Amino acid sequence: MAKILVAALASKADASVFEVSYETQADLCWYELPYRQQADGDTEWCFVNYEADATFRIFRVKYASQADLKTFKVKYRDQAGWRNAGHKLRGQIG
């Protein structure tokens, strides 16, 4: 279950993330769920407000070259998935 906390500082994050403009540019396409209980695996995210609730912490960066992970938010749950199957963070987010 991927419960994501957006960290205020890069030093407090597990990974730096850049949101790309197009699905084809992404390492990971993710789908946002409203409830923590629904989130499953790396591709279904639910954002939380407290560090104690989070399974993974991200820090959003301004440029793609600064990112550990390039992501794209999809509209439908079945579109979510890894586009870069060999990425080092695969299996570690959820």
**OP:** Roll a 1.4 Å probe over the protein chains and send me the accessible area per residue for the chain in Å².
**Re:** 61
**OP:** With a/c under 1.5 counting as rounded, go ahead and sort the chain into rounded, prolate or oblate using the C-alpha gyration tensor (a ≥ b ≥ c being the square roots of the eigenvalues; past the cut-off, prolate if a/b is larger than b/c, else oblate).
**Re:** oblate
Original post:
Ignoring any ligand, DNA or RNA, what whole percent of the accessible area of the chain comes from carbon and sulfur when the probe is 1.4 angstrom?
Top reply: 45
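Please report the net charge: other residues with Cβ closer than 13 Å to the Cβ of Ala39, K and R +1, D and E -1.
Charge balance in the 13 Å sphere: -2.
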Original post:
To the nearest 10 Å², what's Ser65's accessible area with a 1.4 Å probe?
Top reply: 110
Subject >> Net dipole in debye of the chain [+1 Lys, Arg Cβ; -1 Asp, Glu Cβ; about Cα centre; nearest 20] >> reply: 180
**OP:** Report, ordered by chain and residue number, the aspartates and glutamates lying within cross-link reach of Lys3, taken as a straight Cα distance under 12 Å and ignoring same-chain residues fewer than 8 apart.
**Re:** Glu32, Asp40, Asp42, Glu44, Glu51, Asp53
Original post:
Taking a ≥ b ≥ c as the square roots of the eigenvalues of the Cα gyration tensor of the stretch 1-56, is the shape rounded (a/c under 1.5), prolate (a/b larger than b/c) or oblate?
Top reply: oblate
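The values are calculated or read from the model by the stated rules, or taken from the named source; none is laboratory data. Note that the coordinates shown come from a computational prediction; the quantities given were computed from them, not determined experimentally. When we count neighbours, we look across all protein chains shown, and the Cβ atoms used for this are built from the backbone with ideal geometry, even at glycine. Quick note on the areas: whole protein, heavy atoms, side chains included, nothing else; ligands and nucleic acids left out. Shrake-Rupley method; radii C 1.70, N 1.55, O 1.52, S 1.80 Å.
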